[in-house]
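Worksheet: one structure, shown below.
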Amino acid sequence: MSHRNIKPAGLQRRTVVQALAAVPAALALPGIARAQGAPVRIGYTMARTGPWTTGAQVSQEPNYLLWAEQQNAAGGLNVKGAKRPIELISSDDRSDIETVVRTYEKLMGSDKVDLILPPWGSNANFAVAPLANRFGYPFVAPTALSRRLVEMKLPYFFLMLQQPKSMMDALVDMLKANGAKSMAVVYVDDLFGLENYAALKVALAGSGISIVEDKSYPLGVKDLSPVLRSMKDKNPDAFVGLTYPPDTILVSRQSKEIGFNPKFFYASVGTAFQLYRNVMQAGAEGVLGMGSWNGKTSPGAKAYFDAHVKKFGAAKEPDRWASGATWASLEILTAAVAKAGLDKKAIRDFIAGTEHNTILGKVKFAGSENVGTPGSVGQWQKGEFEVVWPKAIATAPLVAAKPTWV
Amino acid sequence: MSFGSWLELIASGLITGGVYALVALGLNLQYGLMRILNIAHGEFLMVGAFITWTAQSALGLSPLLMVPVSFALLMVLGLAIHRLVFRRLTRTSPTLDIFEARGLMVSFGLMFLVQNFAQLIWGGDLRGYDYLADPVKVGDAQFAANKLLLLALALAISAGLIVFLRNTLYGKGVRALMQSPTGAQLVGIDTERLHPLMFGIGLGLSGVAGCLLSMTYTISPSMGQPYTVTALIVITLGGFGSMGGALAGGLALGVIEAVGMHFTNPSLKSLLSYGIFIAVLLWRPNGLFARR
């Protein structure tokens with residue numbers, strides 16, 4: 001970034017980046033001065049520029065800032081009974097894996113921060129997880145979704161989001177129970193899309209639902225209407241898009257344009273964002289997607305939602321999927337530090353061996369995987385993204401046929 | 001495939017191609033006339049898109065009104081950038097080749113600067129708004145109104161620019177400069193005036209493309225770069241410095257991509273565009289439409 005060259009030498013890059021980030025997100029840590037004791041230094045990198053920014057700045061970093069502010073306002077983080085202020089040491093990773101790895105190496109290796117928080121996205125977590133494991137830092141990742149991460153069997157690594165299998169099982173289960181017989185699929189051709197697509201195919205086996213057409217697409221695609229048109233001609237009961245935020249909006253807009261109106265319309269990451277409702281407006285009604293909580297899920301979830309909106313404004317609501325997971329991961333970390341102090345091994349053992357109460361409900365880990373939160377499906381209903389499947393955690397009943405786009 | 005589906009497919013290609021053409025025309029003005037290979041060109045498209053989004057969401061202005069406004073704002077920005085950077089470079093570079101190499105480096109720097117400024121002002125979030133998104137029926141086919149508007153405006157503005165360059169004295173000066181810079185200066189064409197103006201118009205076109213794109217797609221600070229790359233492919237197709245070629249090349253690339261995606265797979269889109277790019281460079285290095 002060009003500003004590095006023009007700043008006085010005495011000013012650290014970290015400080016500059018923090019100051020930059022603070023402009024949109026209000027002041028990061030107003031509570032520091034009030035808390036007592038030596039600060040607990042917590043390091044992370046986050047995408048503030050580049051293609052990951054959208055996800056990182058909706059689902060992840062706002063929660064870190066809110067958490068630190070809340071803890072410090074309450075006198076500091078409870079470290080085995082002693083209240084100590086939180087100092088966040090963060091920088092922009094520019095959506096670049098190399099930068100992520102180098103920065104975490106520095107944070108853990110030479111800065112020796114007390115704790116680290118994960119970066120955004122499956123790819124970055126994939127790169128950092130083995131490193132964190134080597135340095136023995138517990139690592140509870142809120143925005144990583146990959147079977148391969150689980151299979152690496154890293155003892156210090158924990159995944160909050162439901163994995164492809166449970167998400168796709170829930171989706172197929174719901175479609176089957178509501179009489180869908182045919183499906184068209186588009187999926188992004190990276191780790192996320194490929195793993196979910198593979199899980200979807202496994203889930204579909206023996207379900208009586210057939211795939212009438214499936215197409216992959218590259219990240220950053222600008223136009224999917226040629227594909228959607230041919231899907232429209234085949235008239236499937238369900239459309240499933242294993243998509244990222246820009247593409248989630250792209251397939252929705254273009255389906256509306258060409259009048260592609262399947263009974264079930266499902267898109268993945270980004271459907272649970274407030275942006276989706278802003279862009280699609282009334283057209284969002286009935287659209288399905290990856291979502292696992294909202295303000296009705298628990299009293300804690302409601303309090304979190306309200307605090308988030310209070311800090312960042314009504315124009316920046318938490319998303320109804322990964323934001324909840326990020327907050328839950330911070331709840332788990334808070335509880336672990338209260339119990340085990342800053343002994344990293346003890347924190348790890350606490351996280352691995354305890355059933356945690358979070359805003360998402362009970363969370364517990366088998367290996368790296370969160371097996372406490374079931375796979376789920378969300379749906380836009382009258383301006384709120386409701387959890388509609390499975391029925392045990394639903395916040396509203398499913399509307400089984402999506403109204404035509406408006 | 002029915003006639004309606006074909007119509008939809010070709011039209012969706014033309015719509016994408018219209019934007020390609022607009023961006024490519026601007027880049028072509030800069031490269032064809034001044035040998036500035038402006039890698040930051042797409043970033044100004046992003047700025048145009050964000051200005052439109054801000055005007056629409058904060059002030060409630062119609063995006064349509066923002067078409068001339070973003071053109072004007074970006075043009076002024078272009079004039080300023082030319083004055084601050086490229087004028088000085090022209091004066092200090094001993095030869096045109098050295099100027100071209102330095103200009104390339106400078107525009108790389110500009111790309112990062114503009115992207116980070118946008119990040120600072122608007123943040124990294126994905127943005128979008130709803131404008132004329134209702135479908136319109138044309139025979140058997142169906143399109144979003146904003147897409148049709150986008151195509152119509154892109155074609156009109158491109159055609160307007162081509163007519164301007166063909167029929168006005170300014171245009172004649174520009175074309176003369178493209179054919180022979182030294183000869184043009186010998187007969188009294190004022191490069192000191194024409195260069196900044198054309199650089200400004202180039203950026204203005206990029207701003208208009210961004211304004212039009214924001215009506216139909218979501219926008220983010222990283223949206224510009226792919227368009228720079230596509231514009232490079234398009235001006236290679238159409239021939240460096242050829243305005244008609246850039247328009248035809250843009251529309252053709254849009255249609256080729258749409259048909260290619262329909263019959264194969266969107267994942268193969270880049271393969272298709274770059275394949276064409278390499279083939280043209282190998283076999284028709286002066287562009288598909290060059291008269292030899």
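The values are calculated or read from the model by the stated rules, or taken from the named source; none is laboratory data. No experiment lies behind these values; they were computed from the predicted model shown. Cβ: placed from backbone, ideal geometry, glycine included. Neighbour counts: every protein chain shown.
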Subset of segment B:114-154 that is of a type in the set (Asp, Glu) and within 7 Å of chain A (Cβ to nearest Cβ) - its residue that is nearest to B:Gly224 (Cα to Cα)
B:Asp125
Residue pairs, Cβ under 7 Å, 6 or more apart or interchain, first in segment A:341-359 and over 19 Å from A:Leu161 (Cβ atoms) and assigned by TED's automatic domain parsing to the domain that holds A:Gly324, second of a type in the set (D, E, K, R) and not in a helix (DSSP H, G or I). List them.
A:Gly341/A:Lys80; A:Leu342/A:Asp114
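Give, as residue ranges, the strands (runs of 3 or more DSSP E) completely inside segment A:186-304 that count at least 2 residues that are within 14 Å of another protein chain (Cβ to nearest Cβ) and within 25 Å of the chain's Cα centre (by Cα).
Values: elements: A:210-217, A:238-242, A:264-267.
Filter on segment A:186-304 gives A:210-217, A:238-242.
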Please verify whether A:Ile258 is outside the structural domain of A:Thr54 (by TED's automatic domain parsing), among the aliphatic types (A, V, I, L, M) and modelled with pLDDT of 90 or more, treating the condition exactly as stated.
no
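So that you can scan it fast, the table gives a plain yes or no per residue for (1) more than 23 Å from B:Asn167 (Cβ to Cβ); (2) out of contact with any Pro (no Cβ under 8 Å at 6 or more places or on another chain); (3) at pLDDT below 85; (4) not aliphatic (A, V, I, L, M):
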{"residue": "B:Gly249", "(1), (2), (3), (4)": "no, yes, no, yes"}
{"residue": "B:Ile276", "(1), (2), (3), (4)": "yes, yes, no, no"}
{"residue": "B:Leu282", "(1), (2), (3), (4)": "yes, yes, no, no"}
{"residue": "B:Ala290", "(1), (2), (3), (4)": "no, yes, yes, no"}
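So if I check each of B:Pro266, B:Pro226, B:Pro221, which one is surrounded by fewer than 21 Cβ atoms within 10 Å (Cβ to Cβ), within 14 Å of another protein chain (Cβ to nearest Cβ) and within 30 Å of A:Leu275 (Cβ to Cβ)? Before you say what the answer is, go through the steps one by one.
Working: B:Pro266 fails: surrounded by fewer than 21 Cβ atoms within 10 Å (Cβ to Cβ); B:Pro221 fails: surrounded by fewer than 21 Cβ atoms within 10 Å (Cβ to Cβ).
Step by step, each of B:Pro266, B:Pro226, B:Pro221 is checked, and only B:Pro226 is surrounded by fewer than 21 Cβ atoms within 10 Å (Cβ to Cβ), within 14 Å of another protein chain (Cβ to nearest Cβ) and within 30 Å of A:Leu275 (Cβ to Cβ).
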Tell me which residues, restricted to segment A:129-145, are closer than 16 Å to A:Tyr64 by Cβ and free of Cβ contacts under 8 Å to residues at least 24 places away in the same chain.
A:Phe139
Single residue of segment B:265-292 satisfying the filter (touching a Leu at 6+ places or on another chain (Cβ under 8 Å) and not hydrophobic (A, V, I, L, M, F, W, C)) that is nearest to A:Gly193 (Cα to Cα)
B:Pro266
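Given the structure, is B:Thr230 assigned to a helix (DSSP H, G or I), within 16 Å of the chain's Cα centre (by Cα), at pLDDT 90 or above and among the polar types (S, T, N, Q)? Explain how you work it out, then say what you get.
Details: assigned to a helix (DSSP H, G or I): yes; within 16 Å of the chain's Cα centre (by Cα): yes; at pLDDT 90 or above: yes; among the polar types (S, T, N, Q): yes.
So B:Thr230 fits the description; yes.
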Check whether at least one residue in segment A:290-297 is among the hydroxyl-bearing types (Ser, Thr, Tyr) and modelled with pLDDT of 95 or more, and report yes or no.
no
Within segment B:206-218, tally of residues that are within 11 Å of chain A (Cβ to nearest Cβ) and closer than 9 Å to B:Val19 by Cα:
1
When (1) crowded, with 18+ Cβ neighbours inside 10 Å; (2) over 28 Å from A:Pro246 (Cβ atoms) are applied to A:Asn178, the one that fails is (1)
